[in-house]
1. Kindly indicate which of C:100, C:134 is within 25 Å of residue C:228 (Cα to Cα) and either more than 9 Å from chain B (Cβ to nearest Cβ) or of a type outside the set (Ser, Thr, Tyr) (or both).
2. Against the condition small (Gly, Ala, Ser), in contact with a strand residue (DSSP E or B) (Cβ under 9 Å, 6 or more places away or on another chain), under 22 Å from residue A:30 (Cα atoms) and surrounded by fewer than 23 Cβ atoms within 10 Å (Cβ to Cβ), how does residue A:163 come out, does it pass?
3. Please report, ordered by residue number, the strands (runs of 3 or more DSSP E) entirely within segment A:1-67 with at least 2 residues that are among the aromatic types (Phe, Trp, Tyr).
4. Among the residues of segment C:31-55, how many are within 10 Å of chain B (Cβ to nearest Cβ) and either polar (S, T, N, Q) or out of contact with any helix residue (DSSP H, G or I) (no Cβ under 7 Å at 6 or more places or on another chain) (or both)?
5. Against the definition (at pLDDT 90 or above, assigned by TED's automatic domain parsing to the domain that holds residue C:125 and in contact with a Ser or Thr (Cβ under 6 Å, 6 or more places away or on another chain)), how does residue C:252 come out, yes or no?
6. Only one residue in B:95, B:91, B:72, B:99 is on the phi < 0 side of the Ramachandran plot, buried (at least 19 other Cβ atoms within 10 Å of the Cβ), assigned by TED's automatic domain parsing to the domain that holds residue B:236 and modelled with pLDDT under 95, so which one is that?
7. Here is a check on your reading of the model: is residue B:221 of a type in the set (Asp, Glu) and surrounded by fewer than 20 Cβ atoms within 10 Å (Cβ to Cβ)?
8. From (1) hydrophobic (A, V, I, L, M, F, W, C); (2) at pLDDT below 90; (3) closer than 23 Å to residue A:195 by Cα, pick out the condition that doesn't hold for residue A:62.
Amino acid sequence: MEFKTHISVRNLNVFYGDQQALKDITIDIPDKGIIVIIGPSGCGKTTLLKSFNRLIDSTDGVRVSGEVLVDGENIFDPKVEVTRIRKKMGLLSQNPYPLPMSIYDNVAYGPRIHGQKNKKELGRIVEHYLRESGLWEEVKDRLRSPASRLSVGQQQRLCLARGLAVEPEIILADEPTSALDPKSSRHIEESFLRLKERYTTIVVTHILRQAKRLADYVIFLYLGELIEHGPAEEIFENPREEMTREYMKGIIS
Amino acid sequence: MDSKRLLKDRLAGRVMFVLTVLSGLLVFVMAIGLYQRSRPILAIKSLRELLFSTSWHPLKGEFGFLPFIMGSLWVTGVAVVIAIPLCLLTSVYLSEYASRYVREWTKPLIDLLAGIPSVIYGVWGVLVVVPLIKDHIAPLFGTFSSGYSILAGGIVLAIMVFPIIIHVSSEVFRSVPYELREASLSLGATKWQTVKYVVLRKAMPGVIAAVVLGLSRAFGETMAVLMVAGNVAKVPSSVLDPAYPLPALIANNYGEMLSVPLYDSALLLASLILLAVVLFFNVIARVVLIRVERSIQ
Amino acid sequence: MDRRRIEERIFKGLMIFSTLVILSALVLILATVIVKGLPAMNVAMITQTPKGGYYLGKEGGILNAIVGSVYLAGGATVLSILVSLPVVLYLNVYAKKGSRLVSFTRFSFDVLWGVPSIVYGAFGFTIMLFFGLRASLLCGIIAVGLLVLPIMSRAMDEVIRMIPKELLDASYSLGATRFETAFKVVVRQALPGILTAVLIGFGRGIGDAASVIFTAGFSDSIPYSLLRPAATLPLAIFFQLGTPFVEVQDRAYASAFILTVVILVISVASRLLTRRFTRHIVR
């Protein structure tokens, strides 16, 4: 199987103070489809995800070595303009964090900071991406009310729309359903499946069944090390490593 | 043996309870005490007359507080205008931009600023700020000023309220969830855009509370202002005019007040007014801050 | 794109500039006091009381004010500890978590913290009138003690609040009473914080002028009784600076230098305390 890659990681090490969170990770992330990072909690899944758009930068005492190449460009190069990298990727975090403004402004926030001032165009963008995340019908009559009034599930879909509105190529999702009820979780999962033709979606999860429902490609991390990665069927049906097998059986979690 | 321990426990509990209630009520006791002593003057003059008359002639029995209230407002206003931009920029810098190293070095220095006694601020004001205004700033505007002025008071007060505003607003910034910044940054916003549109917006009520706390501290500050503001009982009309803020009035006349009838009552009424204003601002600010804290949890 | 980066640069520059302005204010104040005060220092300043004609420029020192201030701030600190320690322990050990009394008391300390010192002075004055006392060390101690109370209580509360609940539970499960838990476990665990709070209170007490102006009076001799008026350093500075004589004004600078050194020493000491006294602390 041939993959064209947006993101490739080369010998990535991340330290928080004396603790090493990621150990010498090297991997090419395939393009398009849903890539799921699995592994027990505290194994570095989130760190790996956040190193893709350099959000780990702002943590105190963090040290990074190695490279993350996005479209062939090492994003840890100090000369790189980090906002441009981040614009290529939408982030969905564990808990939805709507910005302290209206529903409309939440979605329009990204386009606005990138210079879109045309009201009509903004209106079109907002509607388009709210439809894309399946929220439009529920909020179209109250676009001006504060986003904090939405239910948690709706907030998460709003965050998805907000992320999509900057037209990223990649969606990063950090356990995006862990704060949601089953119905809202299904909404989010459905959105991912709908979007996977057009975006590279990288999802961190510790729910194995969710991984099985979503994944086209699986990355298994354990204590900061990359144990195994490959197409979903391969990893789930026929893992090469003993550790992966044990994890799948629920022996280590 | 055990019953003795339990008795001790219970007895101590009672004593501690009483102390707690008493110190909780202290602020009311203070207000009542001051009110009792202000009654003689309130019995013959209406509060309105006292607050809005500009005539201050204790020997003739005229006690108009307006010049002093205006003096306080002017000095406080100047201080706040100077302090707000500097403090906000600094606390944004310290909580959003600065490395931990810079933060750990800066914080104790700002604490130190808070620990300097107000007389020292006064001495510094007399030595540095007053001559600066007299020799450089006033001539710049083509006027004469002795230097002892609202501007001098405002500058000194601004420095005195830096630590409060910075401390409280930094705390408010810290309470803004990190994930909110992440959300904005991941959309490709610059750090400043994130601060401007997200952090400041979320922190706004708390920041206003911080400024109000600073403002009320400036309003009640005594010695430093007394030393640099000039103390002329006239409603000021420019920042280069001298002013006679309320706290300075109280502190400056402790000598005479027992020899002139009603003078002590007038000064204690002034203290009561001061207390009322400061309480008003403090209660509002604290309620806002408690709300902010709750909304985070 | 470029405009955003320029804006980022400008504001970051402004922020660093503001921080530097604020820090340089501190440096400027300390430098002024040192430059003006140090040359005016001499041994007599700290070993003698004012002699006749001192305020006209004749001989003497401000030992009266130094000793007066230490007595006054010391007394006020003790008074304040006697109230604030039990209150804070009550809030954190005895009282039910989140009870009305607890939040009310905390709120009222927050508010008291904002009350200007001149108001404490004025209130002290009403107490004096009430009991028919004259300006004296005792009255000064009461006024400053009240002023220091919220400062000290808040500082203590802040550290004692941080003590993990499990520690209290451990003590209770050994059969200790709340009293024993409070004074043996909590106080020991929070000791450095409590001492820091005490130092902060003492520093505030020794530096405050507005609250003692009515209540402690002023005297050229060292007070030998609680009922005698007492001089204080801040007021000594204020009076000396107010005279028209250059020699006396120089002494005001020297006095300011002494007060500043005292405050600096206290501040450094409280920093060291927080680092040092952590032997018995459970982290």
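1. Going through C:100, C:134 in turn, just one is within 25 Å of residue C:228 (Cα to Cα) and either more than 9 Å from chain B (Cβ to nearest Cβ) or of a type outside the set (Ser, Thr, Tyr) (or both): C:134.
2. no
3. Those strands (runs of 3 or more DSSP E) span A:5-16.
4. Result for segment C:31-55: 3.
5. The answer is no for residue C:252.
6. Details: B:91 fails: modelled with pLDDT under 95; B:72 fails: modelled with pLDDT under 95; B:99 fails: buried (at least 19 other Cβ atoms within 10 Å of the Cβ).
Answer to the check: B:95.
7. On the way: of a type in the set (Asp, Glu): yes; surrounded by fewer than 20 Cβ atoms within 10 Å (Cβ to Cβ): no.
No; evaluated as a whole, the condition is false for this residue.
8. Here residue A:62 meets the rest and fails (3).
The values are calculated or read from the model by the stated rules, or taken from the named source; none is laboratory data. Fair warning: this is a prediction, and the values are worked out from it, not measured in the lab. A quick note on method: Cβ atoms are made from the backbone with ideal geometry, for glycine too, and the neighbour counts reach across all protein chains shown.
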